[in-house]
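Shown next, in structure tokens, is the structure this report addresses.
What follows is calculated from the coordinates using simple rules that are stated; it is not laboratory data. What you are looking at is a predicted structure, and each value in this text was computed from that prediction instead of being measured. Cβ: placed from backbone, ideal geometry, glycine included. Neighbour counts: every protein chain shown.
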Amino acid sequence: MTDRDSIVDQSIFAGQQKNQTLQITNKGQQDLVVSGFTLQADTGWTLSNTSPMLFQAEGSPSATVKSNKTAFINMACKPTTAGETIAGTLTITSNAQNSPTKNIQVSCGPAVAP
């Protein structure tokens, strides 16, 4: 379902925002329907999407990813002080038979002084 199991970004300056994109690909024959996603993380992580809507490679945002199509969850991290690492877990719930609940570990830092 996703292009990776974790998002780790170690090269970031304190106070700098770094955008991250998680790709969700439906390799199945049936529609992949995302019922929701949540980000439980330290202060400094934000989601660009509103659950359960996914940004689509084609068309407007939707909670459904058609067969052989791709959608995205966009997020950003912004550590505020040098040495700070902000982390959390993005949990995606869907009708995927192989993994109806998918946890993605997110981490950003340690930030360095600009």
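Here the spin labels are modelled as points 7 Å beyond Cα on the Cα-Cβ line, and at Gln30 and Gln105 they lie 3.1 nm apart. Spin-label pair Gln17-Met53: with each label point 7 Å from Cα along the Cα-Cβ axis, the two points sit 1.8 nm from one another. Expressed to the nearest 5 percent, the antiparallel share of DSSP beta bridges inside the chain is 85 percent.
What is the pair-distance distribution P(r) of the chain, computed from all Cα-Cα distances in 5 Å bins starting at 0, with each bin given as a whole percent? Computed distribution, short to long bins: 2, 13, 23, 22, 15, 11, 8, 4, 1, 0.
Based on Cβ point charges of +1 for Lys and Arg and -1 for Asp and Glu, what charge dipole magnitude is obtained for the stretch 8-114 about its Cα centre, in debye rounded to the nearest 20?
On the way: 6 positive and 5 negative charges, 44 e Å.
So the dipole magnitude of the stretch 8-114 works out to roughly 200 debye.
I need the peptides 39-49, 101-111 ranked by packing, meaning the mean over residues of other C-beta atoms within 10 angstrom, with the highest value on top. Show your work: numbers first, answer last.
Numbers: 39-49: 16.0, 101-111: 18.7.
The most tightly packed comes first, giving 101-111, 39-49.
When Phe13, Phe55 are sorted by how many other C-beta atoms sit within 10 angstrom of their C-beta, beginning with the fewest, the order is Phe13, Phe55. Exposure proxy for Phe37, Phe72: other Cβ atoms within 10 Å of each Cβ, ordered fewest to most, give Phe72, Phe37. For the stretch 56-92 versus the stretch 1-18, the spacing of their alpha-carbon centroids is 10 Å.
What does the charge count near Val112 come to, summing +1 for each Lys or Arg and -1 for each Asp or Glu among other residues with Cβ under 15 Å from its Cβ?
Numbers: positive: Lys18, Lys78; negative: Asp9, Glu84.
Value of the local net charge: 0.
Report, ordered by chain and residue number, the aspartates and glutamates lying within cross-link reach of Lys18, taken as a straight Cα distance under 17 Å and ignoring same-chain residues fewer than 8 apart. Within the straight-line limit of under 17 Å, Lys18 reaches these aspartates and glutamates: Asp9, Asp42, Glu84.
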